[in-house]
Structures are given as structure tokens and as C-alpha cells.
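Undergrad: Quick one: the structure is below, questions incoming.
The values are calculated or read from the model by the stated rules, or taken from the named source; none is laboratory data. Since we're looking at a predicted model, the values are computed, not measured. Note that we place each Cβ from the backbone using ideal geometry, even for glycine, and neighbour counts take in every protein chain shown. Surface accessibility is based on the protein's heavy atoms, side chains included, excluding ligands, DNA and RNA. Shrake-Rupley method; radii C 1.70, N 1.55, O 1.52, S 1.80 Å.
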Amino acid sequence: MVKAVVLGASGGIGQPLSLLCKISTLIDELSLFDVVNTPGVAADLSHISSKAKIDGYVAEKGDFKGEKEGTEQAKKAALTGADVVIIPAGVPRKPGMTRDDLFNINAGIVRDLVVACSKYCPNASILVISNPVNSTVPIAAEVLKKAGVFNPKKLFGVTTLDVVRAETFVQDISGERNTDKVVIPVVGGHSGATIVPLFSQAKPSINIPADKLDALVNRVQFGGDEVVKAKDGAGSATLSMAYAGFRFAESIIKAMKGEKGIVEPTFVYLPGVAGGEEIAKATGVDFFSVPVELGPEGVEKAINILPSANDYEKKLIDEAIKGLKTNITSGVEFVTKA
Ligand SMILES: NC(=O)c1ccc[n+]([C@@H]2O[C@H](COP(=O)([O-])OP(=O)(O)OC[C@H]3O[C@@H](n4cnc5c(N)ncnc54)[C@H](O)[C@@H]3O)[C@@H](O)[C@H]2O)c1
Ligand SMILES: O=C(O)C[C@H](O)C(=O)O
């Protein structure tokens, strides 16, 4: 039996992600939580004849801090028994904003939701989508540490959309439309220059002409901005993110059920996972997205792909590390210095 929970389920990502979870054959029970509209979203999805049993819980009116009794009960009901919690709760960007501009609002939202996870489902895998991921994942880690239930093998920053974009944008060069056959690791973080696609490590290998490489890398790094601009004030990527978030959640669940050989890049706390210590030493940061092998208990091992990067990519990795250091410190200090 697998219970999945979506926190922020009524939003632009939350709704299509909940739909994908509802129709997944891997999920038996699905709980939705949001500060608005969850009963309607859950009622709507409940008419789909797929197997997952579905419930929706809403915060008390006017309560955005989760401190009211009714909200706490709603969180408890949604989260109790969860195996996987996916968090797309929070505000998205508008044109002209960076992901870091979302910190002031989203840091508190993620903190409070992870506090609830620490109380009601301390053993669940937690998948953080809310931006800025480079800071919200360190926030989640600190909250879980404070509660004494931090399991680094089960905390994941979802960077799959960067992988999906790399797989998609490279098609313009390779001409290959079947992305299932292409694996392109993306490492670092999830914002601008912290996103580093390693096209040299693509499997099967792809020959990217030198004059096209900069533009391709730049498009992956700033793919989010492309969507923010096109939506023109109506938000950021939601549908592609729901696809990416679901794809990652499915990998987590498949590995949980015993499937072997599942590898996904994800933003993890390196010192807490097998193989992560040497990557933390090499990069000088504790959080970094690297391909990890997944198992029934979450991360089985982090794969140190960084030494295989070519010189061009190594320079990008150095740039990514610089940006990440500030992002990670902001997240950690948001909790430790509160
Ligand atoms: N990791 C990634 O690759 C990635 C990709 C796209 C978007 N995002 C991020 O995901 C987040 C959500 O984006 P969106 O487009 O779905 O936004 P949205 O505004 O459409 O939806 C967010 C939802 O969160 C809910 N919410 C707010 N506070 C909450 C709380 N305390 N508890 C529960 N729910 C709460 C809102 O009511 C809303 O329904 C943003 O921060 C965005 O930047 C991340
Ligand atoms: O760009 C954003 O703000 C949303 C998301 O992080 C993305 O990469 O699409």
C-alpha cells in the first residue's frame, strides 16, 4: 500500500500533479492539502475510476500559518500514514523576478509544512518542489534535524524539470524525438547558473556542435524564465513541472517497491548519503544535485559523476557552486537563526 500526499494541491502544479497521482497504478491512497479549494479538487478527481482512494483537506479560512486547531487537524489527517509527500505549495515567479525573490514568502510556507511532516509522517520521503529549491531543501533539512527525525536519504529537492528540459531541448540538435532513450545528467542546483547539464555524459552520447553548445546550456539553465515570460504574469511552469514531479515521484515509489537500478538526479544533503561525503568535499557544499541510485529506503548512494565532466562543464560547476553557497546558507540560517 502506498500513500502519497500533495501539499499545495489546488495550485497550478498541484492540480495536474494530483491528477497524475490519481491515475497512477502505483498509488493506493492520495491525500490533498491546500489552504484553498482542496475539497473541490478532491471531489472532482474522485470521479475518476482509477484505484487510488482520494481525500482532500483544507486549512481553516484566513489561516496561512497552520497554527489554528482546524488547520493542524487537516494537516494531521492528510499526512498520517504517508509514504511520499510532494510539496508544490508556495508562490510562483512573475516576469522580472528571480527564484530567490520568492524566499520571503515560500521559506515560511515550506518550514511550516515540513514541521507538520516531522510530526505526522516522520518516515515519509519528502519531495520539495517549492522555490527557491536551493534554499527550501536546506530549510526542510534544518526543520527535520530540529525535530530529531532528519533522514537525508528521504529528503529530495526536485530538479527533474531541468533533466526533462535538457532531454527535450537537445532534440533540436540530435533530431531524436524519443526521449525515453536519452539520459542527460543535470547537476548543481535549481536556478540559472546553478543548473549544470552534463551533455558530455549523455547516454547514448550526443555530438553537440561547439557553436551550439552555449545556447543549449543557456536554454536549460534559463528554461524557467522562458515559461515565466510566455505566461506574462500568470505564473511559471506548471504542466511540465507536474509531469517532472510525477516522473520523479514514480521513481521514488518504484524503488520503494523494490525495483532495482533506478537513478535520478536530485538535490540532496550530501554528508548524509552514501557516496555523498566525497562530493561534498570536492564541491565545498553540503547540498548538491547529483544522480542518486534509489532503493526501498530512499537514496542508496550518490554517484560522483563530477570528475567525468569535461573542462567546459567543470567551469560551469565552479560557477554553480558559488551561487549555491549563498542559497544554502540563507536556507539553513532561516531556521537556525530564527
Ligand atoms: N522545482 C521546480 O522545478 C519548480 C518548477 C515550477 C515551479 N516551482 C515552484 O513551485 C511552487 C508552486 O508553483 P505553482 O505554479 O503551482 O503556484 P500556484 O500559486 O499556482 O500554487 C501554489 C499553491 O500552494 C498553495 N499554498 C500556499 N500556501 C500554502 C500552505 N501554507 N499550505 C498549503 N498550500 C499552500 C496555494 O493556495 C496554491 O494553491 C512555486 O514556488 C514555484 O516557483 C518549482
Ligand atoms: O522558473 C520558475 O520560477 C519555475 C521553475 O523553477 C522552473 O524552472 O520552471
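Undergrad: When residues of segment 42-71 are filtered for being modelled with pLDDT under 95, open to solvent by less than 50 Å² (accessible area, probe 1.4 Å) and not in a helix (DSSP H, G or I), how many remain?
TA: So the answer is 3.
Undergrad: What residue, among those in segment 130-176 that are part of a loop (DSSP other than H, G, I, E, B) and open to solvent by 10 Å² or more (accessible area, probe 1.4 Å), is farthest from Ala274 (Cα to Cα)?
TA: For segment 130-176, the residue satisfying everything is Gly175.
Undergrad: A further question on this structure: Of the residues Ala280, Ala242, Ala274, Ala255, only one is within 16 Å of ligand 1 (Cβ to nearest atom) and in the same structural domain as Ile184 (by TED's automatic domain parsing); which?
TA: Ala242
Undergrad: Is it the case that some residue within segment 83-95 is farther than 19 Å from Ser135 by Cα, of a type outside the set (Ser, Thr, Tyr), touching a Ser or Thr at 6+ places or on another chain (Cβ under 9 Å) and open to solvent by less than 70 Å² (accessible area, probe 1.4 Å)?
TA: Yes, segment 83-95 contains a residue that is farther than 19 Å from Ser135 by Cα, of a type outside the set (Ser, Thr, Tyr), touching a Ser or Thr at 6+ places or on another chain (Cβ under 9 Å) and open to solvent by less than 70 Å² (accessible area, probe 1.4 Å).
Undergrad: If you don't mind, there's one more thing I want to ask. For segment 194-230, what are the residues that are assigned to a helix (DSSP H, G or I), of a type in the set (Gly, Ala, Ser) and either more than 20 Å from Val128 (Cα to Cα) or more than 16 Å from ligand 1 (Cβ to nearest atom) (or both)?
TA: Ser200, Ala210, Ala215, Ala230 - these are the residues of segment 194-230 that are assigned to a helix (DSSP H, G or I), of a type in the set (Gly, Ala, Ser) and either more than 20 Å from Val128 (Cα to Cα) or more than 16 Å from ligand 1 (Cβ to nearest atom) (or both).
Undergrad: Evaluate the following for Pro39: is it of a type outside the set (D, E, K, R), within 16 Å of ligand 2 (Cβ to nearest atom) and not in a strand (DSSP E or B)?
TA: No.
Undergrad: Right, next: Could you please tell me which pairs satisfy a Cβ distance under 7 Å, a separation of 6+ or placement on different chains, a first residue in segment 2-26 that is within 16 Å of Gly40 (Cα to Cα), and a second residue that is surrounded by fewer than 19 Cβ atoms within 10 Å (Cβ to Cβ)?
TA: Ser10/Val36; Ser10/Asn37; Gly12/Gly235; Pro16/Leu239; Lys22/Ile48; Lys22/Ser50
Undergrad: May I ask you to verify whether Ala77 is in contact (Cβ under 8 Å) with a residue 12 or more places away in the chain, open to solvent by 10 Å² or more (accessible area, probe 1.4 Å) and in a helix (DSSP H, G or I)?
TA: Judged against the criteria, Ala77 is a match.
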